[in-house]
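Reviewing the structure listed below.
Derivation of every value follows stated rules applied to the coordinates shown; laboratory data play no part. Only a predicted model underlies this, so the values are computations on that prediction, with no experimental measurement involved. All Cβ positions, glycine included, derive from the backbone under ideal geometry; neighbour counts span all protein chains shown.
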Amino acid sequence: MRIAIVHDWLVGYAGGERVLEQIIACYPSADLFTVVDFLAPEQRRFLGDRPVSTSFVQRLPGARRHYRSYLGLMPLAVEQFDLSGYDLVISSSHAVAKGVITGPDQPHVSYVHSPMRYAWDQQHQYLRQSRTDRGLRGVYARWLLSRLRIWDVRTANGVDTFIANSHYIARRIRKAYRREAEVIPPPVDTELFRPAGRRGETFLVASRQVPYKRVDLVAAAFARMPQLRLVISGAGPEHCRVRAAAAGAPNISFLDPCPPGEMAARMQQARGFVFAGEEDFGIVLAEALACGTPVIALDRGGAREIVAGTDTAAPTGVLFGEQSVEGVMAGVRAFIAAEPRIAAADCRAAAERFAIARFRRDFIASVERTIHAVQG
C-alpha cells in the first residue's frame, strides 16, 4: 500500500511529534506531509532520512518565526496536498491536518490530539491570555476563529475513523463534530523513563511556557512557599511572565529545555512533578509516573485519566481543583500530607498502561479495521 501521513507542522519535538514518531514506526515506508517544516537538525532523528513535503506556507515571508500568523491560510494549504495516489491516509492533527482531501475509496484515519482548542471551547481564554480580545485585533481574531470552526466541522466528514488521545478529547470530538472516536492514549517511552534510585527534595515543572500551560501559577505558588524548592524546566513566549511570577524567589531555579534522556534524569530526582495546565492528555505526566515520581496536577482534562488521586487505594499523586495560585499551594500541601501513602511502584505500574508496544498494537488494529470497513 502507498501510505501518506499528514502532520500539522514540524517546529519542535513535543507530545504530538512523539505520537508521529510511533505512527512512522508502524508504517516506515509512508510519505510525510506537513504545512511547514522548521525542525532543528538535532530534533530530526526520528524522521530518519525521509523527505518531508511542505505547503506554500513554508515559503511565505517570516514563516520560520511567525508561522502561526498564517493560521488563516493553513486550511487552504493542507487542501493543496495531492494525495490521490495513496491507498491510505493517516493524519496527526491538533489544527488542520485532518482537513486533507481524500476520495471515497481512500481510508482516512485521523489521530486527534485535540480539536483546535483556541477555536472551540478555549477561545475566550486564548484571546485573553494572548491579549487579542480587544480592539481591531480582537474583531479580526474572532472572525478568523469563526471561519476556522466552520471549516473544521465540514472537514470532519472526510475522516473515516477518529482516534482520540484521551476520553476527554473523545468528548470534545463528540461535542465539536458529533462523531464518536476510539481512544488510544499516546505512547510513553517506559524504557527511557524509569525509576533510578532515591528521589530528591526538589519539585519539578517541565513544560513549554505557553499561556494554557499556566507555569506562572506554579512559580507564584512556590514563591509563597519558600521552604520548598522548585525547578522550572522549559522555555517559550511566557518565559518572562513566569520569571516575574517567581519574583526572584531563591527557592526557585530555572533550567533550559533538554533532550528526553536528560529530562528523565530530572524526573527521577524530583520529589514530585507539578502541573497547573489543562492538558488534552499530558504525556509528560505519564513520563513522570514512569520514573516513579508522583504527580500534582489540575483535576481537569487528561490528568484525570493518568493520575490516581488520594481517594483511591493506590494513589499516584494529587489532583487539585482550582486553577489558581491558591489551588497549586493546596495541591502541594495535600501531596505532602499524603506522601507516605504514594509508592513509586504504583506510579510506575500506572505509567506502563501507556507503553509504546501497546500504542503500536492498538493503532495498527484500528487502521486495519478502517481499511476493511472502507474497502471491504
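Observations on the structure shown:
- Local electrostatic count, Asp160, Cβ distance below 15 Å [Lys/Arg +1, Asp/Glu -1]: -2
- Given charges at beta-carbon only (K, R positive; D, E negative), |dipole| of segment 202-354 in Debye: 360 debye
- Taking the helices alone, the chain has a mean residue ellipticity at 222 nm of -11000 deg cm²/dmol, built from -39,500 (n - 2.57) per DSSP H run of at least 4 residues and averaged over all its residues.
- A crude spin-label estimate for the pair Thr202 and Arg333, with each label 7 Å from Cα along the Cβ direction, gives 2.6 nm.
- For segment 276-364: span of alpha carbons on each principal axis (Å, largest first): 44, 26, 19
- The residues neighbouring Ala245, those whose beta-carbon lies less than 11 Å from its own, together hold a net charge of +2 under the Lys/Arg +1, Asp/Glu -1 convention.
- Exposure proxy order (Cβ contacts within 10 Å, fewest to most) of His66, His94, His239: His66, His239, His94
- Across the alpha-carbon atoms of segment 238-290, the computed radius of gyration and Dmax are 12.7, 33 angstrom.
- Each residue of segment 69-81 was assigned a 3J(HN,Hα) from its phi angle through the Karplus curve 6.51 cos²θ - 1.76 cosθ + 1.60 (θ = phi - 60°); the sequence is 5, 9, 4, x, 8, 5, x, 4, 4, 6, 6, 7, 5 Hz, with glycine and proline shown as x.
- Other residues whose C-beta falls under 9 angstrom from the C-beta of Pro187 contribute a net charge of +1, scoring Lys and Arg +1 and Asp and Glu -1.
- Here Arg353 and Trp143 are evaluated by their C-beta separation; at R0 = 45 Å the FRET efficiency comes out at 0.60.
- Residues Tyr126, Tyr111, Tyr168, Tyr212, sorted so that the one with the fewest Cβ neighbours within 10 Å comes first: Tyr212, Tyr126, Tyr168, Tyr111
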